Structure formats: structure tokens, C-alpha cells
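The values are calculated or read from the model by the stated rules, or taken from the named source; none is laboratory data. Note that the structure is predicted; figures quoted are calculated from it, not measured. FYI the Cβ positions are ideal-geometry reconstructions off the backbone, even for glycines, and counts take in every protein chain you see.
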Amino acid sequence: MTRIAGDNGFADDWDAMRSDGDIQFAPVEAPDTPPSEPPDWLQDVFSWLGDVLEPVGRAIGAAWPVIFWILVAIGLALIGYAIYRLVDPARFARRRRSADDSEWVPEEAKALELLEEADRLARDGRFDEATHLLLMRSVGQIAEIRPDLIDPSSTAREIAALPALPGAARTAFATIAERVERSLFALSSLSDEDWQAARSAYSDFALGYRGVRS
């Protein structure tokens, strides 16, 4: 077999390097180093916390069934409150009430015209006539909306108690009717205070629904 030139020289150099004790060829095993212990003061803190929290942990463990049901009750209450806020029955009631009232609210122009006419009577001190005018026009407006509700023999008190009237309309009508009845049957003249109460009742219902005030 023919040798390649310089082959012996490489082998000699490799043997010389392998025989050099200063060069490490064998795998080095790292010594087992025990984990470092925390300082004594830290161990004291942990020990103190353990002594303090151990009774708390035992108490929680013993009371866990009660705590569990308390947490369940709180969770259900929060869910119920969230549903209540989403549904908001009061809001739907307000919407339903507004929808009911809107059918009975007179046109704004007619309401303003009536108040202007009644105010002219009141400015002359004719409070009975002004209040009576509000009542008669209100009866006419109810008859326009629901002709079946008004009978020629119906009294103002009977009309005010009609179940078909929504709450706001019934309240306004009753306020006006009470003063007219006192004027007609008790032979007691109405005062400016009576007129203002009747006027406010009509205005709040007829114009307050739309956010208008006169």
C-alpha cells in the first residue's frame, strides 16, 4: 500500500497531542452541588407565617361548606342583578305608561290655545270660569278619543274614575274636576291657588308629556 506523503507526520503530531496531560479529552462530570439553604432570617419569616396562617387554614377548611354556599348565593345575586339591569322592568313600565298616555294627550296647539283662553279669564279674576273651561274641554278631548266612555249623564267624578283612563290623565282630570265640583255644588268661589293647581295639572299632562311648559 502506498503511503501518502506527510501521513506519518500527522499521526505523530496527533499522538503527541493526545499524550499531553494539560489537554482534557475525557468527559468531565460536574460535581453534585447541594441546593443553597435560604438565610436563617428568611426561614424564621416562613416559619412565623406558617404558625399564623395554619389556624386560618384550618378554620377555612372546617367552614368551607358554609363558605361555599355563601359564595354560591353571592354569585346568584350578582347574576340576578345583572339580569335585572338588562331587563329593567321600571324602564319598560315607563315606556308602557308613556305609550298609554300618548293616546290621550291632546295636540300641542290645542292645549296651548285652551290654556291661553283660560288664562285670559283667570287674569280677570274669573277663576271658576277658567277652571270650568279646562274641565269641559278635557271632557271633549276624552270624548273625541273614546266616544264610548262618555255618557251624557256622566259626572266629572265618574269620568275621573274611569279605569280606561291612564294614571296621568286620571290624576289631571280629577284635580280639575274636584275644584269645579266645589265651585258648582259647594257654592264656594275658587281662588287663584285653585286655578293654578288646575292649570298645572292640565299643563303637566298635556304639555309636560312632550317636555313643553307654558
Review point. What do you reckon, is S138 touching a residue at least 60 places away in the same chain (Cβ under 8 Å), touching a helix residue (DSSP H, G or I) at 6+ places or on another chain (Cβ under 7 Å) and loosely packed, with under 13 Cβ neighbours inside 10 Å?
Key: no
Study note, to complete from the structure: When the stretch 118-135 is checked residue by residue, the ones that are loosely packed, with under 14 Cβ neighbours inside 10 Å and in a loop (DSSP other than H, G, I, E, B) are D124, G125
Review point. When only residues in the stretch 84-140 that are among the small types (G, A, S) and under 18 Å from S200 (Cβ atoms) count, which is modelled with the lowest pLDDT?
Key: S138
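If you go through the stretch 159-187 one residue at a time, how many are over 39 Å from the mean Cα position of the chain (by Cα) and more than 19 Å from A118 (Cβ to Cβ)?
3
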Point to revise | Filtered residues of the stretch 188-214 (kept if closer than 16 Å to L115 by Cα, at pLDDT 85 or above and crowded, with 21+ Cβ neighbours inside 10 Å) | key: D194, W195, A198, R199, A201, Y202
